[in-house]
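The block underneath contains the structure these notes are about, expressed in structure tokens.
The values are calculated or read from the model by the stated rules, or taken from the named source; none is laboratory data. Quantities reported herein were computed from a predicted structural model and do not represent experimental measurements. Because the Cβ atoms are built from the backbone with ideal geometry, glycine has one as well, and the counts that use them run over all protein chains shown.
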Amino acid sequence: MGAYLAFCSDIPGYRDNRVLDADTAARHPGSGWVRVLAERLRGRGMDLITGDVALADIEAGRRRVEDAWVISEEESGHAAALCAHGARPLAIFCFESPLFARTFYQQAETLCRTYPLKLVFAGLAQTTLRGQPGVHAITIPNYSLSDPVPTPPPWAERGTLAMVAGNKYWRTPFRLRWLREPKRLEAWARGKLRLTKSLVKREAARRQLHDERLRLIEFFGQRGHLALHGGGWLEPGLLPMRWRHLRPLLKKLNPRRCADKLAALGQARFALCLENLTYPGYLTEKLIDCFRAGTIPLYRGDPEVTRLVPANAFIDLSQHTDLPALEKKLLAITEPEAQAYLRAGQDFLASPAAHGCSFEGFADQLLEWAQPLLTADHA
């Protein structure tokens, strides 16, 4: 049957080749590049299947393990099993921050060594993996070039500020009822102990921006400027103890999940746009979504963001820690000044620099890096 690629992830929803379905891509926006890669490979006479399907096919004699090239998301169990049976490692990648992928960051040097291509954020490329061959600093692909983009309302008709984010705190908040549930309390305590012992997690906790996000919600929400969208904000227990005084405000803001994220963002002149933490290269869809929606992002996250995105396309929250002064600045921005920000965002989207943030650009880049290996395999 010839060489094929096995895409390996421990996300259950990706298995049985479901990562190649449009419905799965809609539920997991960061996976769309896999479908594009499969299309590109089909044009070259190669299949892309998921790791579990590859293992089943090999066991049933439908495919040969030595024909498999493995792409692994972090420390995938299917990738390890395929490589142990003789499949060839091709690429390993991580689109998650050290805040939620502690094991990968702690073991990155060992996990990545056997893969010719290592696709990681700049922070990891510049530290743990520095000096290893085949390391590429990447940005998370997060949209398709063919995705429709809504037309936002005129500037004068928009609200001041929007935020689209679910209530996801960086660690599980403590719940008083656990005092009556010893097993749950023990599990929570073990998690705290793992955090204390893990240098990676401790450093990530120091860089986390979840508390800053809540501080901004509190300030702008109380001022009546904020339209908050996203799930989980009204669920008791999902906020940490120190922020539970926000419950009345959150109830007043009445946040709900939005069916169209870009349309919700476009209803406001500005958008709060914070990553989960500050980490070099960790740039998610949040900033790109604002540009595509036609709103001005108030951004904080990747400390090296201006290596990719022009500084005149967004307002850098790390330079505006005085919130009353920031409020005054936002309310004073004229429409011509705002249009300059918006044009800069659109210019960025149209530039080659933004291409790697798209599914198509990322898939093409991966194929370019992999081509020498795949060509040698066919020779």
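Points to keep in mind about this one:
- Of residues in the stretch 230-253 being without any contact (Cβ under 8 Å) to a residue 24 or more places away in the chain and farther than 13 Å from residue 218 by Cβ, the one surrounded by the most Cβ atoms within 10 Å (Cβ to Cβ): 234
- Residues within the stretch 10-28 that are in a helix (DSSP H, G or I) and not aromatic (Phe, Trp, Tyr), tallied: 11
- Remark: pairs (first residue in the stretch 98-113, in contact (Cβ under 8 Å) with a residue 12 or more places away in the chain and not assigned by TED's automatic domain parsing to the domain that holds residue 124; second residue among the acidic types (Asp, Glu) and part of a helix (DSSP H, G or I); Cβ separation under 8 Å; 6+ apart in sequence or on different chains) are absent.
- The listed residue being touching a Ser or Thr at 6+ places or on another chain (Cβ under 8 Å) and at pLDDT 75 or above, out of 225, 229: 225
Conditions (1) of a type in the set (Asp, Glu); (2) surrounded by fewer than 20 Cβ atoms within 10 Å (Cβ to Cβ), marked per residue:
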| residue | (1), (2) |
| --- | --- |
| 48 | no, no |
| 55 | no, no |
| 62 | no, yes |
| 66 | yes, yes |
| 79 | no, no |
| 109 | yes, yes |
| 112 | no, no |
| 130 | no, yes |
| 140 | no, no |
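- Qualifying residue in the stretch 235-256 (condition: more than 21 Å from residue 106 (Cβ to Cβ), modelled with pLDDT under 85 and either touching a Gly at 6+ places or on another chain (Cβ under 7 Å) or not assigned by TED's automatic domain parsing to the domain that holds residue 293 (or both)): yes
- Candidates 19, 36 - the one that is aliphatic (A, V, I, L, M) and within 30 Å of residue 303 (Cβ to Cβ): 36
- Filtered by the rule that a residue be farther than 15 Å from residue 14 by Cα and not in a helix (DSSP H, G or I), the stretch 35-51 gives 43, 44, 45, 46, 47.
- Number of positions in the stretch 321-379 that are modelled with pLDDT under 95, closer than 19 Å to residue 138 by Cα and acidic (Asp, Glu): 0
- Pairing residues of the stretch 302-319 that are in contact (Cβ under 8 Å) with a residue 12 or more places away in the chain with residues that are of a type in the set (Asp, Glu) and not in a helix (DSSP H, G or I), at Cβ distances under 7 Å and at least 6 apart in sequence or on separate chains, gives 302/275.
- Residue match in the stretch 96-115 (condition: of a type outside the set (S, T, N, Q) and part of a strand (DSSP E or B)): no
- Helices (runs of 4 or more DSSP H) within the stretch 262-379 that include 3 or more residues assigned by TED's automatic domain parsing to the domain that holds residue 43 and touching a His at 6+ places or on another chain (Cβ under 9 Å): 359-378
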